[in-house]
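What follows is a single structure, written as C-alpha cells, with notes after it.
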Amino acid sequence: MDQYSVLKQYFGHTQFRPGQETLVNGILAGRDALGIMPTGGGKSLCYQIPALLLPGITLVISPLISLMKDQVVALTAAGVPAALCNSSQSLEESQAVWSGIRRRAYRLLYVAPERLERPRFADLMAGQDISLVAVDEAHCISQWGQDFRPSYVRIADFVNTLPRRPVVAAFTATATAQVQEDIVRRLALEDPVRTVTGFDRPNLFFDVQKPRRKDSALLSLLAQRRGRSGIVYCATRSGVEKVWAALNGQGIPAARYHAGLPEEERRQNQDDFQFDRKAVMVATNAFGMGIDKSNVSFVIHYNMPKNLESYYQEAGRAGRDGEAADCILLYSGGDVTTAKYLIQHSADGGELPPSEQEELRRRDLERLQIMVDYCKTNRCLRGYILDYFGQDHPERCENCGTCQGVFTEADVTVQAQMILSCVKRVRDKLGYSVGAGLIVQVLRGGKNQRVRELGLDALPTYGLMRETSQEQLRALLDCLSAKGYVFTEPVHSTLRLGASAAGVLFHGERVTMLSQLRPQEEPLPRQEDKASPPPADEGLLTALKAVRNRIAQRENVPGYIVFSNAALADMAARRPRTIDQFLEVSGVGQVKAARYGEAFLSAIAAYIEKH
Ligand code: ADP
Ligand code: MG
Ligand code: ZN
C-alpha cells in the first residue's frame, strides 16, 4: 500500500491538500519535517498517513487531552488502531493501553508532553520501535508564541534518550519566522523538509463590527444563524457568564466554558457542544486548541483578543469542513483596556528572569497594537491578516466586511430628509424641542403613551421609518449630528436642527454616510450557496443528516466523526446507489463504507423512490 491508497482507503480523500504530499513523502523518506499550515489545513493527515506505512509506532505529542481524544475517536472510526495515554485514565484503562503498546497493537499513540518526562513511560518507550515522533501544535515550544508550554522544550531530551532516533516532525498553524526558528532549534530538527502553505482560508468571511450595544448585535447575529453551530469568544470569565445568561434568557441553546468551571462541568459542556446538543458555545480562549469540531459555522468574538495570531487561530476554528463560515469581531474601545490589563497581569513567562519578562510584555503590547489596527483598518481584512503572516494576496478578497462594502459611502439623503423633517414638525407642532429618543419613537411609529398624549402619532412623519431598526436610526442620527445637521441642546438634551439642515430639507443637498449599517441588520450575502448542494438536494441532505444523527447517537460519538457536513453534501450531490459509488464520496474510506454504507445507501434509495 502507498500513501495515495492510504489516503483513499482510510480517510476517503482522493487528493492531498497543498503541502500534505511534500510532508508525507519527506517523512516516508526518513526526513524530519516542519509543516506550517493554517487551522483546518489538514496537518493531522501528514503524520497519520506515514504512521500507517512506517514499520514502527508513531508517537504524537499533543498539548490537550480533549484534542487527543477527538483524534483517537476519529481514527478508530476510520479503522486505524490508535490510543492515548493520559493522567485522566483509570488504572485499568492505562494498563490496557500499556499492554496494547507492548503487543504493538497501535499505529499511533497520543501523549501529552509531560508524560515523556515520566521515567516509567520513557522506559516503556525505549523498548519500542518508534518510527516517528510527531509534535502537534509545535508553537507551544516557543516562548514567543502565544501558548508557551515549558514541557515542550524537553521533547528533544526525550528523543535523545531513545535507542534509535526516530523521524521528528513538527506541525503548527502559527508561525512567524521567529517561532519557526525556535521550533527547529528546540526540537533539534535535522535539515527538515519544510512546507509553509498559504495561510488563507478562502471559505472564511471576516468582518469587524463596532455596535453600540454588543449584546443586541450578538443576538441578531445569532438569530441570522439559528440552528448553526458556532463559538462566541469573550475576553473574561465574567464576560462568558454574562453573555451565556443573556443567550439562555433568549432561548438560544448555549453552553459555556472557562477555566473557572469545575473540570466535570467543562467536559460536559464541551460534549454538549461537540455532540450538537447545544448549538452555541460561549467561552474564553481556554476553550480552544482542544476543539476539532469540523462543522463550526461561525466564530464571533464578543471582545477583541490580545493579538492577531490568537484571533486567526480562534476564528479559524470555523469552517474546517471547507464550507462557508463567518468570523466576526465585535469591537469596542473597552476591549483595548481589558486586553492591556490581561497582558500586564499575565502569569506567562513567570519562570523567566525579569528582563525577559519585561521583553515578553513589550512584545505583547506590540502585538496588541497590530490587533487594534485590524479592528480599525479600512483595508481588506483578509489582506491585512495575510500581510501579517507574510503572504502575498490580491488587493481585495471580496469575502470580508471591507470588500463587501462596509466602509463604502452610502447615500442616505432620503433618510436624512425624513429625520430632519420629523425634528422640524415635532417642534412646529409642540412649540418646543424633544429628545432624540422621542424622535426615534415617532419615526418608527412607536405606540407609547407620550407619543399619543402629545398627538405626535398624527404627524405625517409618524411611522415613516418603521422598517428601520432603532440601532440604524441611532446611527443615522449620529451621522447627522457629526455633520452638524442636528445638535443636542446641552441643558435639556433636546434635539435641534442645525443651520445647515435647511440645505437638506429644501435645497436638495445630498447626505452620505459610511455604511456601517449593513452588518447588524440584513443577513450577510452568504457564500454558502456556492458550497452547498443545489436546492433539489436539500431534502436529501436533511435525510442524510438524520441518518448520521441516528448513528452518532447509537455509537455515542459526535456527528462529524461519522461523516463531515462536506461528506454529506458530496453524498447528496452524487446520490450513490452502490457501495462502489459510495466509496467515491469525498470522506468515505473503506471502514466507514463497510460500517455505514448500507444505512446511507438505503436512505438515498428511499429518497429517490419518493421523489
Ligand atoms: P489542522 O490540524 O491542520 O487544523 P485537521 O488535520 O484537523 O486540520 O484537518 C481539518 C479537516 O480537513 C478535517 O476534517 C479533515 O478530514 C480534512 N482534510 C484533511 N486532509 C484532507 C484532504 N486531503 N482532502 C479532504 N479533506 C481533508
Ligand atoms: Mg490539528
Ligand atoms: Zn477583503
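Values in this text are rule-based calculations from the coordinates and carry no lab data. All values derive from a computational prediction rather than experimental measurement. We place every Cβ from the backbone using ideal geometry, glycine too, and count neighbours over all the protein chains shown.
What ratio of Cα Rg to 2.2 N^0.38 Å holds for the stretch 102-180?
1.15
What percent of all Cα-Cα pairs in the stretch 75-127 falls into each 10 Å bin, going from 0 up to the bin containing the maximum distance?
All Cα pairs considered, the percentages come to 23, 59, 17, 1.
For the residue pair I579 and A546, what label-to-label distance in nm results when each label sits 7 Å from Cα along the Cα-to-beta-carbon direction?
Distance between label points: 2.6 nm.
Considering the stretch 354-420, what Rg and Dmax in Å follow from its alpha-carbon atoms?
Final numbers for Rg and Dmax: 18.5, 61 Å.
When all C-alpha to C-alpha distances in the stretch 171-316 are sorted into bins of 10 Å, what percent of pairs does each bin hold, rounded to whole numbers?
10, 37, 31, 16, 6, 1
So what are the stretch 29-172's ellipsoid semi-axes, whole angstrom, largest first, if each one is the square root of 5 times an eigenvalue of the alpha-carbon gyration tensor?
Over the Cα atoms of the stretch 29-172, the semi-axes work out to 21, 17, 16 Å.
Please list the three semi-axes, largest first and in whole Å, of the ellipsoid equivalent to the stretch 392-488, using sqrt of 5 times the eigenvalues of its alpha carbon gyration tensor. Display every interim value, and only then the final one.
On the way: eigenvalues 230, 38, 20 Å².
So the equivalent ellipsoid measures 34, 14, 10 Å along its semi-axes.
From the convex hull of the Cα coordinates of the stretch 144-199, what is the mean projected area in square nanometres?
Its average projected convex-hull area is 4.2 nm².
Compute the Cα gyration tensor for the stretch 263-324, then decide on rounded, prolate or oblate, letting a ≥ b ≥ c be the square roots of its eigenvalues: rounded whenever a/c is under 1.5, prolate when a/b is larger than b/c in the other cases, and oblate in all that remain. Each step should come with its number before you reach the end.
Working: a/c = 1.97, a/b = 1.22, b/c = 1.61.
Taking the square roots of the gyration eigenvalues as a ≥ b ≥ c, the stretch 263-324 is oblate.
With θ set to phi - 60° and the Karplus curve 6.51 cos²θ - 1.76 cosθ + 1.60, what are the ³J(HN,Hα) couplings of the stretch 380-392 in order, to the nearest whole Hz, using x for Gly and Pro?
Going residue by residue, I get 4, 5, 4, x, 4, 5, 5, 4, 4, 8, x, 10, 5 Hz, with x marking Gly and Pro.
Hey, what do the phi angles of the stretch 45-50 turn into as Karplus ³J(HN,Hα) couplings, whole Hz, using 6.51/-1.76/1.60 and θ = phi - 60°, x for Gly and Pro?
Per-residue couplings from phi come out as 4, 4, 10, 6, 5, x Hz.
Taking amide H atoms as placed 1.01 Å from N in the peptide plane, list the residues 5 or more away in sequence, or in a different chain, whose amide H sits under 5 Å from that of A235.
HN-HN under 5 Å from A235: N303.
5 Å is the cut-off here: which amide hydrogens, built 1.01 Å from N in the peptide plane, fall below it relative to T512, excluding neighbours closer than 5 in sequence?
It is V412, by chain and number.
For the charge dipole of the chain, defined by +1 on Lys and Arg C-beta atoms and -1 on Asp and Glu C-beta atoms about the Cα centroid, which residue among Q417, G446, S44 has the Cα displaced farthest towards the positive pole?
Toward the positive end, the furthest listed residue is G446.
So for the pair D373, L124, with labels modelled 7 Å out along Cα→Cβ, what separation do we get in nm?
4.9 nm
Computed FRET efficiency, Cβ-Cβ of R164 and A29, R0 22 Å: what is it to the nearest 0.05?
0.85
Give me P(r) over the stretch 274-372, computed from all C-alpha to C-alpha distances, binned every 5 Å, as integer percentages.
2, 12, 20, 21, 16, 12, 9, 5, 2, 0
Determine the sum of side-chain charges near V282: Lys and Arg each +1, Asp and Glu each -1, restricted to other residues whose C-beta is under 10 angstrom from that of V282.
Around V282, the charge tally is +2.
Which three lengths, in whole Å and largest first, does the stretch 230-336 cover when its Cα atoms are put on their principal axes?
Projected onto its principal axes, the Cα set of the stretch 230-336 covers 32, 32, 26 Å.
How far, in nm, would the chain grow between K483 and A606 when pulled straight, counting 0.36 nm per residue and subtracting the alpha carbon separation?
Working: separation 123, 0.36 × 123 = 44.28 nm, distance 6.34 nm.
Between K483 and A606, full extension yields 37.9 nm more.
Mind ranking 417-423, 585-591, 496-502 by how tightly packed they are, going by the mean number of other C-beta atoms within 10 angstrom, highest first?
Put in order of decreasing packing, that is 417-423, 585-591, 496-502.
In degrees between 0 and 90, to the nearest 10, how far off the longest principal axis of the chain does helix 354-376 point, with axes built from Cα atoms?
So the helix axis and the longest Cα principal axis differ by about 50 degrees.
Find, to one decimal place in angstroms, the Kirkwood hydrodynamic radius of the stretch 1-53, where the mean of 1/r is taken over every pair of different Cα atoms and then inverted.
11.1 Å
Counting Lys and Arg as +1 and Asp and Glu as -1, each charge on the Cβ, what is the dipole of the chain about the Cα centre in debye, to the nearest 20?
On the way: 73 positive and 69 negative charges, 281 e Å.
In debye, rounded to 20, the chain gives about 1360.
Let me have the relative contact order for the chain, percent, based on Cα pairs under 8 Å that are six or more residues apart.
Numbers: 1003 pairs, mean separation 85.3, N = 611.
The normalised contact order for the chain reaches 14 percent.
What are the ³J(HN,Hα) values, in whole Hz, obtained from phi via the Karplus relation 6.51 cos²θ - 1.76 cosθ + 1.60 with θ = phi - 60°, for each residue of the stretch 94-101 in sequence order, with x given for Gly and Pro?
6, 5, 4, 5, 4, 6, x, 5
Mind scanning K242/K340; K214/K242; K340/K376; K545/K610; K210/K376; K69/K545 and naming the pairs with a C-alpha gap bigger than 19 Å?
The pairs that break the limit, which is 19 Å between Cα atoms, are K242/K340; K69/K545.
Please list the non-local residues whose amide H lies under 5 Å from the amide H of A324, H modeled 1.01 Å from N, same-chain partners needing a gap of 5 or more.
A531
Among the lysines, which have Cα under 17 Å from the Cα of K8 when same-chain residues fewer than 8 positions away are ignored?
Those lysines meeting the cut-off are K43, K592.
Give the whole-number value, in cubic angstrom per residue, of the convex hull volume spanned by the C-alpha atoms of the chain.
Hull volume over Cα atoms, normalised by residue count, gives 184 Å³.
Using r as the Cβ-Cβ distance of E241 and R102, and R0 as 56 Å, what FRET efficiency do you calculate, to the nearest 0.05?
FRET efficiency, E241 to R102: 0.75.
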